[in-house]
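K.L.:
Once you've had a glance at the structure underneath, I'll fire off some questions.
The values are calculated or read from the model by the stated rules, or taken from the named source; none is laboratory data. Nothing here was measured: the structure is a model prediction, and the numbers come from that model. Virtual Cβ from ideal backbone geometry, glycine too; neighbours counted across all protein chains shown. These accessible areas exclude ligands, DNA and RNA; they are computed on the full protein's heavy atoms, side chains included. Shrake-Rupley method; radii C 1.70, N 1.55, O 1.52, S 1.80 Å.
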Amino acid sequence: MTETPCQLYLISPLETGGDFPKRLERALDAGKGVVTAFQFRVKGLDQHDAAALAEPLQEICAAREVAFIVNDDIALAKRLRADGVHLGQGDGDPREAREELGRDAQIGVTCHGSRHLALEAGEAGADYVAFGAFFPSTTKETEHTAGTDLLEWWHEMVEIPSVAIGGITPANCRPLIEAGADFLAVSGAVWSGDEVEAVQAFAEQIAAA
């Protein structure tokens, strides 16, 4: 069995209006074959407003065969017919998400630094588990941390893909790739500067590892 290389999982900034659709297009085009998933993450909007922001981004992803994942909101994911949903520990059960979204939906679960939570998520039918934070994050406050030993253990023991998240940059991502992370979830490292340069820098690190 050949191992697929690590891939990039882009997470949106909280502000996805304005010129963001253009930025997303540039990032996905720069990361063709490397960026394979995009998570739509907004806070405090009603479902109608969130859906209006999501739809153009969803079209951009669909045109490039990038999975469009909704953060925390099973109902919004269903309304948009999104490719999947990402659930925090307090955002619902993977079984419930599966029932609502169907068997082809990609369902991810935040598992912080916990083997126990990750195994539970796998048993509940999650398609991937997210571990972190590995580094201090500029995007959100870091409550939980994880080490590369967790990625190594998961990679050796379990077939469900892992996503590493939290403060990941092109400069610090190599140990996570080498530890067996299937995806690097990145937000601030891409959107706080030139998204094309950032995605290309990540792609170089993935190729080198």
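K.L.:
Report, to the nearest whole %, how much of the accessible area of the range 101-144 belongs to carbon and sulfur atoms, 1.4 Å probe, protein only.
P.N.:
Carbon and sulfur: 46 percent of the exposed surface of the range 101-144.
K.L.:
Here's a follow-up. As a test of the formula, what do you get for the chain when each DSSP H run with n ≥ 4 contributes -39,500 (n - 2.57) and the sum is divided by the residue count, at 222 nm and rounded to the nearest 500 deg cm²/dmol?
P.N.:
So the helix-based figure for the chain works out to -12000 deg cm²/dmol.
K.L.:
What's the ranking of 176-188, 8-20 by average number of surrounding C-beta atoms within 10 Å, highest first?
P.N.:
176-188, 8-20
K.L.:
Among 28-35, 125-132, how do they line up by average Cβ neighbours within 10 Å per residue, starting with the highest?
P.N.:
125-132, 28-35
K.L.:
Which percent of the accessible area of the range 30-71 is formed by carbon and sulfur heavy atoms (probe 1.4 angstrom)?
P.N.:
On the range 30-71, the fraction of accessible area on carbon and sulfur atoms equals 50 percent.
K.L.:
Here's another thing I want to ask about it. Under 14 Å from the Cβ of residue 85, count the other residues' Cβ atoms, weight Lys and Arg +1, Asp and Glu -1, and hand me the total.
P.N.:
Local net charge: -3.
K.L.:
Residue by residue, what Karplus-based ³J(HN,Hα) values in Hz, rounded to whole numbers, does the range 64-77 have, using 6.51, -1.76 and 1.60 with θ = phi - 60° and x for Gly and Pro?
P.N.:
10, 6, 9, 5, 9, 10, 9, 7, 6, 9, 4, 5, 5, 4
K.L.:
While we're looking at this one, here's another question. Please give the per residue accessible area of the range 1-138, computed with a probe of 1.4 Å over protein heavy atoms only, in Å².
P.N.:
For the range 1-138, the solvent-accessible area averages 51 Å² per residue.
K.L.:
Please compute the modelled spin-label separation between residue 153 and residue 22, points set 7 Å along Cα→Cβ, answer in nm with one decimal.
P.N.:
Going by the 7 Å Cα→Cβ label model, 4.7 nm.
K.L.:
Follow-up. Which one is right for this structure if mean projected area of the Cα convex hull in nm² is calculated from it: (1) 14.0; (2) 10.7; (3) 11.5?
P.N.:
Computing mean projected area of the Cα convex hull in nm² and matching it to (1) 14.0; (2) 10.7; (3) 11.5 gives (2).
K.L.:
Taking the Cα centre of the range 147-204 as the origin and placing charges on Cβ (Lys, Arg +1; Asp, Glu -1), which of 193, 183, 169 is farthest toward the positive end of the dipole?
P.N.:
193
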